[in-house]
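Colleague: The structure is given below, and queries will be raised subsequently.
The values are calculated or read from the model by the stated rules, or taken from the named source; none is laboratory data. Since the structure is predicted, the reported quantities are computational estimates derived from the model, not experimental observations. Virtual Cβ from ideal backbone geometry, glycine too; neighbours counted across all protein chains shown.
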Amino acid sequence: MYFDLSIPSQLAGALLPDLILVIGAMLLLLLSVWRKESLGQARLVGLLSIVLCLITFASVVWLWRAHASASAGIIAVDNFRWATDCIVLAATIIAATLMIDYSEREQLVSAESYVLLLLAASGMMLLAASRDLIVVFLGIELMSIASYVLCGVDRRSSRGAEAALKYFLLGAFSTGFLLYGIALVYGATGSTDIATIGTAVTGETFNNPLLLAGIGLLIVGFCFKVAAVPFHMWTPDVYEGAATPITAFMAAAVKAAAFAAFLRVWIEAFPGATSAWIHPLQWLAVITMIGGNVVALQQKNMKRMLAYSSIAHAGYLLVTVVVANSLGASAFLFYLVAYTLATMGAFAVVIALDEPGERNQEIADYAGLWHVSPWLASAMAVFMLALLGFPIAGGMGFFAKWYVIDAALHAPHPQTVLAVILVIASVISAGYYLGVVLVMFMKPRASDAVAVRPVQTGTFLVIYLSAFILLLFGVLPNGFVTLARDSVPISMVNAPAGPPVTAAASQ
């Protein structure tokens, strides 16, 4: 009997970056356990993981420039997938760079942490490429299991162990919702392929109880992963307890990949059931934007403040899911670039000012930073203003929010109330973003404040390159805007938008 084990050329092209990353991660795993743990070995594995990500990034860009695209199959091969892959890989490179410096300061010798970063990134890339709910589930599990372990990578830290346990328990709980939702959608439509589901979900099947329950459970599962209110309770404790480079990685890359899958599934699979999910998502976007920002105002710890900031930004990104068309998809990609640079840059500053044992993380510890390290204070101000969406000084952050608002207002069914609430929420966020700037520039330096150490090379590059890119493309955003618009797949271009938010849904 003859078995055809050949891989179709289209599928091989689709899986090429993922295969490079996974095979490379397995080889680095062998290297990491080959010799006794040491700082030198961990640094070598970290540097090789960065090289592997750069090779994978080059393969993604090559496929992107070669116009490798396909509209069918369980693995997407389109510009939206390539753009999301680039964002995920860039975040992974930044996280690995920060982890090298952090590990040397904290004397962490766990070389396997870099392998886990790569495996989590491979799960994120699979999520970005998923056009089947089963593949979505596999991508989420690969990403999540690696992330659970990464939270507890510092085995000496009780806070890290607590963060890993909380993330694991709540993550497993949310996975149950997601998997049960997939099962109910399959029962209602007879398929897990999102294009087939999109064809099957019409007016005739819209009132199917299995379908409605499945959509509801999928919303819960995805909202856990993106930390939307009220499914966000794990986020502050996990972000604070995990090692700071891992917190940055989760806040940027994990959110980017989960939202990419969320957006693709909603635009391609459920346009025929918009009336069923539009109002729940509008409510979730509103309470996430307002709730994340209001609670962030009360935070005194920098990592917890950035955690609630991340929750608020999940609300802004939910607006692009509500818009559910090409306008929202292009605004989503532009926003992800700005958010990733600003978030990871801010966490890099936290690492630069940290003391061993992750001390010196209170916002009050940043008082008078301008007087002792003006360049570091200036970079942190850029990141805070970018997250706020302040014009000019905020760089890309201003245009990122502008394009989300524009997508909401100019959708076929304008989401005017959501746009207004987004602006109000951004005004609220000025209270804590500008609060950090105020502390750094206008408060005196305490006499017993910890001296600012020289910034390590990798962290230095992350901070100032991120700030430079934010400022540069804040002045000249057209290139990224065009790239984001060209990265919307054909399947999203003609997707119908939902009805406008009603007065009842906005009260």
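Colleague: If I ask for residues that are part of a loop (DSSP other than H, G, I, E, B) and surrounded by 17 or more Cβ atoms within 10 Å (Cβ to Cβ), which ones from segment 156-190 would you list?
Modeller: Matches in segment 156-190: SER157 only.
Colleague: Search segment 128-153 for residues being within 15 Å of ILE182 (Cα to Cα) and not β-branched (Val, Ile, Thr), and hand back the single one that is surrounded by the fewest Cβ atoms within 10 Å (Cβ to Cβ).
Modeller: This residue is LEU138.
Colleague: Moving on to the next point. Exactly one condition in (1) under 26 Å from LEU409 (Cα atoms); (2) at pLDDT 90 or above; (3) surrounded by fewer than 24 Cβ atoms within 10 Å (Cβ to Cβ) is false for LEU297; which is it?
Modeller: Every listed condition holds for LEU297 apart from (1).
Colleague: Quick check on segment 406-415. Is at least one of its residues within 20 Å of ILE287 (Cβ to Cβ), in contact (Cβ under 8 Å) with a residue 24 or more places away in the chain and crowded, with 18+ Cβ neighbours inside 10 Å?
Modeller: Yes: one or more hits.
Colleague: Please work out which one of (1) modelled with pLDDT of 90 or more; (2) among the hydrophobic types (A, V, I, L, M, F, W, C); (3) surrounded by 24 or more Cβ atoms within 10 Å (Cβ to Cβ) is the condition ALA111 fails and give its number.
Modeller: Every condition holds for ALA111 apart from (1).
Colleague: What are the pairs, 6+ residues apart or on separate chains, where a residue within segment 166-181 that is farther than 19 Å from ILE197 by Cα has its Cβ under 9 Å from a residue that is acidic (Asp, Glu)?
Modeller: Close Cβ pairs satisfying both conditions: LYS166/ASP237; TYR167/ASP237; THR175/GLU141.
Colleague: Moving to a separate point now. Which residues, counting only those in segment 339-375, are hydrophobic (A, V, I, L, M, F, W, C) and under 25 Å from ILE93 (Cα atoms)?
Modeller: Listed by number, the residues that qualify are LEU341, ALA342, MET344, ALA346, PHE347, ALA348, VAL349, VAL350, ILE351, ALA352, LEU353, TRP375.
Colleague: Suppose we filter CYS53, CYS86 for residues that are modelled with pLDDT of 90 or more, hydrophobic (A, V, I, L, M, F, W, C) and crowded, with 24+ Cβ neighbours inside 10 Å; which single one remains? Reasoning before the result, please.
Modeller: Working: CYS86 fails: crowded, with 24+ Cβ neighbours inside 10 Å.
Answer to the check: CYS53.
Per-residue answers, yes or no, for (1) assigned to a helix (DSSP H, G or I); (2) among the basic types (Lys, Arg); (3) at pLDDT 75 or above:
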{"site": "ASP406", "(1), (2), (3)": "yes, no, yes"}
{"site": "PRO444", "(1), (2), (3)": "no, no, yes"}
{"site": "VAL450", "(1), (2), (3)": "no, no, no"}
{"site": "PRO499", "(1), (2), (3)": "no, no, no"}
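Colleague: Follow-up question, since we're still on this one. Regarding segment 308-321, can at least one residue be identified that is assigned to a helix (DSSP H, G or I), at pLDDT below 90 and among the aliphatic types (A, V, I, L, M)?
Modeller: yes
Let's see how each residue does on (1) over 22 Å from the mean Cα position of the chain (by Cα); (2) closer than 20 Å to THR340 by Cα; (3) free of Cβ contacts under 8 Å to residues at least 60 places away in the same chain:
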site	(1), (2), (3)
VAL420	yes, no, yes
VAL423	no, no, yes
ASP448	yes, no, yes
GLN456	yes, no, no
PHE473	no, yes, no
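Colleague: Quick one: would you say ALA252 is in contact with a helix residue (DSSP H, G or I) (Cβ under 6 Å, 6 or more places away or on another chain) and at pLDDT 90 or above?
Modeller: For ALA252, the condition - in contact with a helix residue (DSSP H, G or I) (Cβ under 6 Å, 6 or more places away or on another chain) and at pLDDT 90 or above - is met.
Colleague: Using the structure shown, decide if ALA364 is touching a residue at least 40 places away in the same chain (Cβ under 8 Å), touching a Lys or Arg at 6+ places or on another chain (Cβ under 9 Å) and assigned to a helix (DSSP H, G or I).
Modeller: yes
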